[in-house]
Structure formats: C-alpha cells, structure tokens
1. Which of the GluC sites (Glu not before Pro) found in the stretch 359-395 are in a DSSP loop and have at most 13 neighbouring Cβ atoms, other than their own, within 10 Å?
2. Could you state the orientation-averaged shadow area of the convex hull built on the Cα atoms of the stretch 104-183, in nm² to one decimal?
3. Indicate the gyration tensor shape class of the stretch 35-96 (rounded, prolate or oblate), computed on the Cα atoms with a ≥ b ≥ c the square roots of the eigenvalues: a/c under 1.5 is rounded; otherwise a/b larger than b/c is prolate and the rest oblate.
4. Amide H to amide H under 5 Å from Val39: which residues, 5+ apart in sequence or cross-chain, H placed 1.01 Å off N in plane?
5. Volume per residue, Å³, of the convex hull around the alpha-carbon atoms of the chain?
6. Which lysines, on any chain, are close to Lys313 with Cα under 25 Å apart, when same-chain ones fewer than 8 places away are left out?
7. Given the Cα-Cα distance of Ser133 and Asp382 and 0.36 nm per residue of separation, how much length would full extension add, in nm?
8. Could you check what % of the DSSP bridge pairs in the chain are antiparallel, to the nearest 5?
Amino acid sequence: MTTLSGRRIILGVTGGIAAYKAVDLCRRLVDAGAHVTPVLTSGALEMVGEATFSALAGERARTSLFNDPSTPIPHTVMGQNADMVLVAPATARIISDIRTGRSADLLTATILATRAPLMVCPAMHTEMWEQASVQENLEVLRCRGVHVVDPESGRLAGGDIGMGRLAEPATIVTAVQNVFAAGDLAGKRVLVTAGGTREPIDAVRFVGNRSSGRQGHALARNAAERGADVVLVTTDPRSAPGGVRVVGVCTADEMHRACREEAPRADVVVMAAAVADFRPRQIADRKLKKDQGTLSVEFEPTVDVLAGLGAAKPDGQVLVGFAAETDDVEHNAAAKLDRKNLDVIVANDVSKPGVGFEHETNEVVVLSADGGRHQTPLCSKDEVARAVLDAAVEALNRRTRNGRAVD
Ligand code: CTP
C-alpha cells in the first residue's frame, strides 16, 4: 500500500446524501498519513457537520471564501499548497461547475487555483447519473486529465436501488494512492517526437537519416509508465509503444504541423526526432528515370521545429531537445540549449561506437538550463529515457512549484 505520508489533500465535500461517507473517507485518508483539509460546500453543511470533519482531519474544515482569520485568499493558499484536490461526493452541480470553470464558492475557487491533480467521485440518483449532460461533462473532465472514480450500483437515497452510489471509501483511498504511485508525471501531458523524417525526391524516393526512433519510443513508454498522458509524434507508428496516443508523420513539415497542434497543451515536450534540416526544393510527382543520366537535387532548409516551440513556449512548459554531435559535444549542446530557449538538452557523441542512431544503446550528457549536468554510461535507451525524464521532472517542479514560476 502506498503511504500518503505528508501528502496534502483537500477533501471537497458537496451536498449529496453520500456526504456522510466522506467522514469515513476523511478518517481513512488521515490514517494513511495524509494531511487533509476539508472544504465543505453549503449543500454539504445541510447533510453533515463541520465540527466532525474538523475533529477528524486535524485541520479545521473550511466553508467560506470569506472571513477566514488566517488569510484573505484561502482558495489560492490552499490550491497552491495542495498535492491533490479530491471531491467526494461530487454532485452533478460541481461536475458542471468544474467543466465550465465557474467559481461559485470556496471549493470551486480552490479547484481553479490549483495545479495539483484533481479527483472527482460522483454520487447521485440513477436518473441524474444517466443524463447525457452529466456524462458529457465527465467525459470532458476525463479528457482534461481529471481522475474520475465511477460510482457503484446499490442502495440510493429514498430506498431506490441503482447506479450512482458513491464508491466505497476504501476504493477511493486506493484510487488516491494509485495517483501518487503512478509517478511523478501523473496528470501531466507529455509530447514526444521520434524517428527520422523522410523528405521526398520523387514519387518513390526520399532523403532520410539513420534515426530508428527507438530513443523517442523509449521516452514515450517511460513517460506513460510514470503516469503521463503521452502523445507520440513518430515517423514509425507501427513500432510505437502501447498506452500512448500516436500521431504518424513522414516529413519535417508534417512533424512541424503536428507539434504546433499538440505542443501548446503539453506540460513537457521532448523533441527526440531527427528532423531533416534540408528538403528537396522540387518534388517530381512521377518516378525519375535513370536514363536521364546524372541527377541534381537542390535542397532548401526546413523549419526548425524545436526553435519554433522554444520561441512560443507557454509559461511553465518544459522543453527538452536533443543534440547529436560529433565534435565539442557539450559546448555545442549548451549553445543549442540557449539558442532554442530549452530547459534541458540531451547531448550525445554519435561518433562513439554504440551511441545514438541505429543502436540499442546510448550514452548521453543531460544539461539543464539551471546548470544541472548528468552523464550516463553506455546503457539501454530505457535508462537514458529515465535520466532525461528525471531532468524534465526536476525542471517542471522548479517552474511550477506550488503553481508559481520561481525562476
Ligand atoms: N530539430 C528540429 N527541427 C529541425 C532540426 C532539428 O526540431 N529542422 C531539433 C531536433 O529534434 C533536436 C534539436 O533540434 O531536438 C537539435 O537537432 P540537431 O540536428 O542536433 O541540431 P540542429 O539544430 O539541426 O543544428 P546542427 O545540425 O547545425 O547541429
């Protein structure tokens, strides 16, 4: 069992009859080591008492945005310090408020003021649960990375029996533990690019490079295992790992468009693809015949995808680039880190045996914009992926610690 020791959990309780079960949930979270701050809506106060939660949680329950003697802005203080916001029971009303971003009370304001993972545990009558509006709202929340603990079937208020009963407190505690156990990228969106782009010359030929895409795929797989919601933009979709969303591309231009589309929503972008720097200026739409003698192909530069992402980097996003070098490896990589506005760069000396393109192994130096440096030995691409993601998580924590940029 994962301990919740030291985890700061805001327990939002809304006005469903199942609010009485949140008392048991609160006690179980505290028993598992969590520091619980109960936040009760006015609806919840119709069902259960503030004093019960205050006594169980070890921290007094909060019920209002106003008149808090300790701070004039309780929602931002709580939101910034939380490791998770858990809403149990979650009524149809709060699910709708979360979807639309409505700030109606202390709980909804706190949910808006946090970057911590959010978990909702719906509980309502079957007819309400089955409404298309409720299901659609929950679908949107799921797509945004909110953890939803589905209700169970059983006895409901008024003696009815059906779907909509709050999940058992023990089940909810396990779901909370799973989020923390899932790893340091739980709830984060990670975009990884992989493989070498192919730039067409004619109807059958292309100019490419020796990248296999293995390092990018290892990064995507490891990020998913650490709990991230992963989008993999790859030139080799057939060998993509499971558990990630795959976007197949071929040329530098297609990779550019896919990244421009996906990157703004990502918390971490890892640009492991070997993007062509040049492409043929003209592409023949028929097969060029060899009896024409020599063939001259004029090349024009492609867009530097990574530099574009660096120039448009949203606040809080961590951008990771690669530098495949043969000379002055660290010096050239550090210059790229700076020039492309990166947070982390992964440099490898591809002139060394067993390193980089077409190999099962790699050996890298991971440099961070804050001066961090980590060197791996010659090792598997999975091990390199772990080192790269460690540096990305460190950068992410630094940038978004408690919802504030600190550097
Ligand atoms: N990259 C990119 N778009 C390009 C070329 C490179 O996004 N058209 C990205 C790569 O995915 C990698 C980083 O930029 O993360 C560095 O790529 P690299 O080929 O090492 O460097 P370049 O910037 O192309 O510079 P040079 O080839 O002169 O070393």
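1. Details: sites: Glu360, Glu363, Glu383, Glu394; in loops: Glu360, Glu363.
For GluC sites (Glu not before Pro) across the stretch 359-395 that sit outside H, G, I, E and B with at most 13 neighbouring Cβ atoms in 10 Å, the list reads Glu360.
2. Values: hull surface 25.4 nm².
Computing the convex hull of the Cα atoms and averaging its projections yields 6.4 nm².
3. Values: a/c = 1.39, a/b = 1.18, b/c = 1.18.
Here the stretch 35-96 falls in the rounded category.
4. Leu11, Gly12, Val13, Arg62
5. Working: hull volume 67.7 nm³, N = 407.
Roughly 166 Å³ of hull volume per residue.
6. Filter leaves Lys188, Lys336, Lys340.
7. Working: separation 249, 0.36 × 249 = 89.64 nm, distance 4.27 nm.
Net length gain for the segment: 85.4 nm.
8. Numbers: 18 of 60 bridges.
Of those bridges, close to 30 percent are antiparallel.
Throughout, read-outs are computed from the coordinates displayed, never taken from laboratory work. This one's a predicted model, so the numbers in the text were calculated from it and none came from an experiment. Note: ideal-geometry Cβ built from the backbone for every residue, glycine included; neighbour counts use all protein chains shown.
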